[in-house]
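One structure below.
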Amino acid sequence: MEELLCIGCGVVIQTEHKKELGYTPQSALEKGLETGELYCQRCFRLRHYNEITDVQITDDEFLKLLHEVGDSKALVVNVVDIFDFNGSIIPGLPRFVSRNDILLVGNKKDILPKSVKASKVTQWLAERAHEEGLRPVDVILASAQQKDAIKDLMDKIEKLRQGRDVYVVGVTNVGKSTLINAIIQEITGDKDIITTSRFPGTTLDKIEIPLADGAHIYDTPGIIHRHQMAHYLSGKNLKFASPRKEIKPKTYQLNPEQTLFLAGLGRFDFIAGDKQGFTAFFDNELKLHRTKLEGATEFYQKHAGSLLVPPTKAELGTFPELVRHEFTITEKTDVVFSGLGWIRLNSAAKVAAWAPKGVGVVTRKAII
């Protein structure tokens with residue numbers, strides 16, 4: 001069968017994989033063939049709703065794109081998820097972007113508790129970035145949901161770019177495309193007045209957003225990080241990996257040899273240490289369950305899919321087994337379940353964190 005191409009970006013049209021390039025619903029394909037205007041869903045949404053959707057590309061394609069950024073004279077805006085900093089870092093980014101300046105943007109600041117000072121989070125992000133070898137010229141917090149945050153971000157970009165183009169880069173699930181859509185609305189003042197003619201360079205690998213001085217903001221596809229929890233959740237359960245409301249921390253007083261189950265998605269064991277409070281930072285709807293460490297594995301086998309959901313009974317067949325990661329903690333520390341949330345320890349303890357096989361678990365200096 002002859003390949004059908006999107007007239008907007010040239011990608012091969014396909015109707016089976018929603019998250020991959022070229023997807024369009026079967027009904028839209030049939031209509032496009034009738035009218036002669038066949039668009040992939042990504043281009044259709046851009047054309048009719050001025051909405052940029054995230055697309056995923058392979059590691060090799062992403063590296064090629066980063067080399068292109070390095071060959072340009074531009075400001076690089078690296079969007080990371082405050083909620084999952086370690087899971088949203090792009091390995092080797094400074095090397096690929098060459099001498100270009102990097103502005104680090106911590107997205108989703110609105111889901112952190114209001115009691116947290118922005119200045120402390122900004123400083124924390126800067127410290128973590130330096131540990132990863134990043135030397136951003138500045139760090140700013142943002143939220144696609146908050147207008148003032150977008151205006152501050154645009155002001156910062158305008159100040160730092162000095163007439164240069166801007167490349168926005170980030171891994172999938174950091175909210176980059178939502179942020180880009182908010183930027184477009186800020187630039188135009190009205191989300192309903194843009195047409196595709198305002199995006200002359202809409203291509204498979206990036207989208208060009210023209211600026212007043214002839215430069216462009218380039219929105220690039222996101223690289224996939226397979227160790228994020230989102231890749232192991234079904235559509236209706238993705239909300240647990242992408243909180244949209246301010247997190248309300250929950251503190252549990254645990255004795256040694258007690259366990260906290262994070263629904264059926266993870267597990268936290270307090271193995272040894274003095275009784276203390278452990279504060280959990282997860283989506284407000286994620287059910288946490290406290291039980292004894294002894295027999296916890298059997299408890300999970302018995303109740304996963306019923307008392308401990310998600311995953312549901314139907315999803316258990318494809319859900320990865322939980323893998324154990326042990327840590328000896330000596331100071332105030334976050335134990336992070338990549339893309340799901342974290343548990344803060346206040347003092348010395350020996351603990352174990354269990355996460356689905358393939359999902360990263362790391363410790364870091366406490367963010368709060």
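Among the residues of the stretch 333-368, those identified as among the basic types (Lys, Arg) and surrounded by 13 or more Cβ atoms within 10 Å (Cβ to Cβ) are 344, 350, 364. Of all residues in the stretch 204-246, those that are under 15 Å from the mean Cα position of the chain (by Cα), crowded, with 16+ Cβ neighbours inside 10 Å and either part of a strand (DSSP E or B) or among the basic types (Lys, Arg) (or both) total 2. Scanning the stretch 261-275 for residues that are touching a strand residue (DSSP E or B) at 6+ places or on another chain (Cβ under 7 Å), under 19 Å from residue 332 (Cα atoms) and either of a type in the set (A, V, I, L, M, F, W, C) or touching a residue at least 60 places away in the same chain (Cβ under 8 Å) (or both) turns up 268, 269, 270, 271, 272, 273. Remark: residue 331 falls outside the filter, which requires a residue to be over 23 Å from residue 83 (Cβ atoms) and either of a type outside the set (A, V, I, L, M) or not assigned by TED's automatic domain parsing to the domain that holds residue 244 (or both).
If you go through the stretch 172-189 and keep only what is surrounded by 21 or more Cβ atoms within 10 Å (Cβ to Cβ) and of a type in the set (Gly, Ala, Ser), you end up with 175, 177, 182. Checking each residue in the stretch 263-299 for being at positive phi, over 28 Å from the mean Cα position of the chain (by Cα) and crowded, with 16+ Cβ neighbours inside 10 Å picks out only 273. Exactly one residue out of 98, 88 is at pLDDT below 85 and not hydrophobic (A, V, I, L, M, F, W, C): that is 98. If you go through the stretch 30-53 and keep only what is without any contact (Cβ under 8 Å) to a residue 60 or more places away in the chain and in a helix (DSSP H, G or I), you end up with 30, 31, 32, 33, 34, 35, 41, 42, 44, 45, 48, 49. Residue count for the stretch 312-332 satisfying the condition of being closer than 15 Å to residue 264 by Cα and surrounded by 16 or more Cβ atoms within 10 Å (Cβ to Cβ): 3. Scanning the stretch 113-131 for residues that are among the charged types (D, E, K, R), under 27 Å from residue 98 (Cβ atoms) and touching a residue at least 40 places away in the same chain (Cβ under 8 Å) turns up 127, 128. Counting only strands (runs of 3 or more DSSP E) that sit wholly inside the stretch 73-157, those with at least 3 residues that are under 28 Å from residue 216 (Cα atoms) and within 15 Å of the chain's Cα centre (by Cα) are 74-81, 101-107. From the list 72, 27, 98, the one residue that fits, being surrounded by fewer than 22 Cβ atoms within 10 Å (Cβ to Cβ), more than 14 Å from residue 6 (Cα to Cα), among the polar types (S, T, N, Q) and without any contact (Cβ under 8 Å) to a residue 12 or more places away in the chain, is 27.
Listed here are the residues, each with its yes/no results for (1) at pLDDT below 90; (2) out of contact with any Gly (no Cβ under 8 Å at 6 or more places or on another chain); (3) surrounded by 19 or more Cβ atoms within 10 Å (Cβ to Cβ).
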{"residue": "79", "(1), (2), (3)": "no, no, yes"}
{"residue": "109", "(1), (2), (3)": "no, yes, yes"}
{"residue": "120", "(1), (2), (3)": "no, yes, no"}
{"residue": "141", "(1), (2), (3)": "no, no, yes"}
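Confirm whether residue 134 is buried (at least 21 other Cβ atoms within 10 Å of the Cβ) and either free of Cβ contacts under 8 Å to residues at least 60 places away in the same chain or among the basic types (Lys, Arg) (or both). It is false that residue 134 is buried (at least 21 other Cβ atoms within 10 Å of the Cβ) and either free of Cβ contacts under 8 Å to residues at least 60 places away in the same chain or among the basic types (Lys, Arg) (or both).
For residue 279, the requirement of being of a type in the set (Val, Ile, Thr) and closer than 15 Å to residue 349 by Cβ is met.
The values are calculated or read from the model by the stated rules, or taken from the named source; none is laboratory data. Only a predicted model underlies this, so the values are computations on that prediction, with no experimental measurement involved. Every residue, glycine among them, receives a Cβ derived from its backbone with ideal geometry; neighbour counts consider all protein chains shown.
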